[in-house]
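S.K.: Before anything else, here's the structure in question.
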Protein chains: 2
Amino acid sequence: MTEGVLPEAGGSDAESAAGVQRPRRSDATRAAILRAARERFAADGYDRATIRAIAADARIDPSMVIRYYGSKEELFATAAEFDLRLPDLSDVPPDRLGAALVSYFFTRWEEDSTLPALLRTASTNPSAAERVREIFANQLSTAVARLVADPAEAPRRAALVASQLLGVALTRYVLRLPPMVDIPTADLITWLSPTVQRYLRAAPGTD
Amino acid sequence: MTEGVLPEAGGSDAESAAGVQRPRRSDATRAAILRAARERFAADGYDRATIRAIAADARIDPSMVIRYYGSKEELFATAAEFDLRLPDLSDVPPDRLGAALVSYFFTRWEEDSTLPALLRTASTNPSAAERVREIFANQLSTAVARLVADPAEAPRRAALVASQLLGVALTRYVLRLPPMVDIPTADLITWLSPTVQRYLRAAPGTD
DNA sequence: GGCAGAAGTCAACAATCGTTGGCATATCGT
DNA sequence: ACGATATGCCAACGATTGTTGACTTCTGCC
């Protein structure tokens, strides 16, 4: 609403149609807000991460957050945009798929705080939970579908994989269970890979 | 503070020392508040579950909640008291421990909404997260210690078990991932039992 | 150099929250 | 029947929240 007033929406149709825009002076502020928002959402979740705190981190006025992102809900929506960036696993030996997937997930988790933020918020915020479901359905589930033998089994196998991987993310990065935090990543990969491998490839009930 | 005013603290020292108290008329109200609190905390998490909403569910005034439980934090603390009630697994055949543990957890989850409430809240509330860590350390970890061969490995194995079981709870009861919700409990037990069994008993890295 | 518009600050709004004190009613021992 | 005490409701406080509008300052173009 009042969209024409927003600086971001400024410019004629010709400029918009050009696609490439000259960088605005405010782009740095925008990025600072987004960075602070991701950290706060990751650390505190949606409700406890206040716009005032985010603005303080970004060293600007709380009103700027609203002016640039419309509302807290929209800010979270853009802060929680997340691409798993799953690599192409088509040339991985079928018996090493579990290990490849597990080790990739660890690198992805530790380079980007968006996923912990999403996980923390999804527990209480319905739209964040919906976002997680989308990521699962659009990214993990479709990728798993290309790896399994029977396509009809794909959603079920993907869900099992998600239960183990999100469980690790929950206990290690959100709840911070001491034993889980202390296990070296390499050991964790060794333990988890057979599990994921079995969920992906094994016949049901096989050990 | 102002403890003497609270009805619950009433009575002479002699009465308190008697231990067994005659049931008060307000006990029903107390129980109704606690029941409503558990449901609200489970559904909405700590922040979004307002005292006013809990009071409305219990059909009493919000001020009664405070009078009976002191504060929202204390109310949550008593609402989130949780005993895993892990059964004695000492006479279960060692190769069936995984199946026994997994199937027990499903019955426990579905009969009591306290655990989902705790899980939902622990993502954003530090004291709830601490409570989960306590339950893990005092109940699951000690139980696992009696089942594994090498006691030094117990915390690590318990953490792995927790990662899988809490991952299922998260995806099925909190995030409600469609495939995870749809899988029949029996199938889920079939899939998960070998995983937990391996975490409990297998040598590291064994498939 | 002046001016249009962007960038940022400030103060305040309305809503909601946990919490409190005062006051009415109900219950029960005597 | 009476009084003490438990139980409950009502209204309000103070704090915090997201959000808004008016105002000032800065930047870049003619």
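The values are calculated or read from the model by the stated rules, or taken from the named source; none is laboratory data. Everything quoted here is computed from the prediction, not taken from an experiment. Because the Cβ atoms are built from the backbone with ideal geometry, glycine has one as well, and the counts that use them run over all protein chains shown. To get the accessible areas, we keep the full protein, side chains included, count just its heavy atoms, and leave off ligands, DNA and RNA. Shrake-Rupley method; radii C 1.70, N 1.55, O 1.52, S 1.80 Å.
S.K.: Which of the following residues is touching a residue at least 12 places away in the same chain (Cβ under 8 Å) and either in contact with a strand residue (DSSP E or B) (Cβ under 8 Å, 6 or more places away or on another chain) or among the basic types (Lys, Arg) (or both): B:156, B:133, B:120?
M.R.: B:120
S.K.: Checking the conditions here, which among A:149, A:143 is in a loop (DSSP other than H, G, I, E, B) and more than 8 Å from chain B (Cβ to nearest Cβ)?
M.R.: Criteria check complete, one pass: A:149.
S.K.: Let me ask you something else. For residues that are surrounded by fewer than 14 Cβ atoms within 10 Å (Cβ to Cβ) and not hydrophobic (A, V, I, L, M, F, W, C), scanning just the stretch A:31-64, find the one that is farthest from DNA strand C (Cβ to nearest atom). Spell out the reasoning first.
M.R.: Initially, the stretch A:31-64 is screened for residues surrounded by fewer than 14 Cβ atoms within 10 Å (Cβ to Cβ), giving A:31, A:50, A:52, A:59, A:61, A:63.
Retained after the next criterion (residues that are not hydrophobic (A, V, I, L, M, F, W, C)): A:50, A:52, A:59, A:61, A:63.
On the way: A:50: 12, A:52: 9, A:59: 7, A:61: 4, A:63: 3 Å.
For the stretch A:31-64, the residue satisfying everything is A:50.
S.K.: Taking the stretch B:168-187 as the region of interest, how many residues are open to solvent by 20 Å² or more (accessible area, probe 1.4 Å) and under 14 Å from residue B:115 (Cα atoms)?
M.R.: 2
S.K.: Can you name every residue in the stretch A:65-99 that is within 16 Å of DNA strand C (Cβ to nearest atom) and open to solvent by 50 Å² or more (accessible area, probe 1.4 Å)?
M.R.: A:66, A:67, A:73
Residues are listed down the side, and each one gets a yes or a no for (1) more than 7 Å from chain B (Cβ to nearest Cβ); (2) assigned to a helix (DSSP H, G or I):
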| site | (1), (2) |
| --- | --- |
| A:156 | no, yes |
| A:160 | no, yes |
| A:166 | no, yes |
| A:172 | yes, yes |
| A:181 | yes, yes |
| A:186 | yes, yes |
| A:192 | yes, yes |
| A:196 | yes, yes |
| A:203 | yes, no |
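S.K.: Any residue in the stretch B:151-163 that is open to solvent by 10 Å² or more (accessible area, probe 1.4 Å), out of contact with any Lys or Arg (no Cβ under 8 Å at 6 or more places or on another chain), of a type in the set (A, V, I, L, M, F, W, C) and modelled with pLDDT under 95?
M.R.: Taking every residue of the stretch B:151-163 in turn, at least one turns out to be open to solvent by 10 Å² or more (accessible area, probe 1.4 Å), out of contact with any Lys or Arg (no Cβ under 8 Å at 6 or more places or on another chain), of a type in the set (A, V, I, L, M, F, W, C) and modelled with pLDDT under 95.
S.K.: Could you look through the stretch B:119-138, keep only residues that are more than 20 Å from residue B:86 (Cβ to Cβ) and polar (S, T, N, Q), and pick out the one that is surrounded by the fewest Cβ atoms within 10 Å (Cβ to Cβ)?
M.R.: B:127
S.K.: Starting from residues that are part of a helix (DSSP H, G or I) and among the acidic types (Asp, Glu), keep the ones in the stretch B:43-98 and report whichever is farthest from DNA strand D (Cβ to nearest atom). So that I can check it myself, show each step before the final result.
M.R.: If we filter the stretch B:43-98 for residues that are part of a helix (DSSP H, G or I), which is where we start, we get B:43-48, B:51-57, B:62-69, B:72-79, B:94-98.
Next, only the ones that are among the acidic types (Asp, Glu) stay: B:44, B:47, B:57, B:73-74, B:95.
Values: B:44: 16, B:47: 10, B:57: 13, B:73: 15, B:74: 17, B:95: 52 Å.
Once the filter is applied, the top-ranked residue is B:95.
S.K.: Only one of these conditions is not met by residue B:127: (1) assigned to a loop (DSSP other than H, G, I, E, B); (2) in contact with an Asp or Glu (Cβ under 8 Å, 6 or more places away or on another chain); (3) more than 9 Å from chain A (Cβ to nearest Cβ). Which number is it?
M.R.: (1)
S.K.: Turning to a different aspect of this structure: Please work out which one of (1) within 10 Å of chain A (Cβ to nearest Cβ); (2) within 29 Å of residue A:50 (Cα to Cα) is the condition residue B:118 fails and give its number.
M.R.: (1)
S.K.: Taking the condition open to solvent by less than 50 Å² (accessible area, probe 1.4 Å), within 16 Å of DNA strand C (Cβ to nearest atom) and within 14 Å of another protein chain (Cβ to nearest Cβ), does residue B:105 pass?
M.R.: In short, no.
S.K.: Pairs only if they're at least six apart or on different chains, beta carbon under 9 angstrom, first in the stretch A:48-64 and away from chain B (no Cβ under 14 Å), second near DNA strand D (Cβ under 8 Å from one of its atoms) and among the acidic types (Asp, Glu); list them, first residue then second.
M.R.: A:55/A:61
S.K.: Would you mind finding the one in B:117, B:43, B:80, B:56 that is modelled with pLDDT of 95 or more, aliphatic (A, V, I, L, M) and on the phi < 0 side of the Ramachandran plot?
M.R.: After applying the criteria, what remains is B:56.
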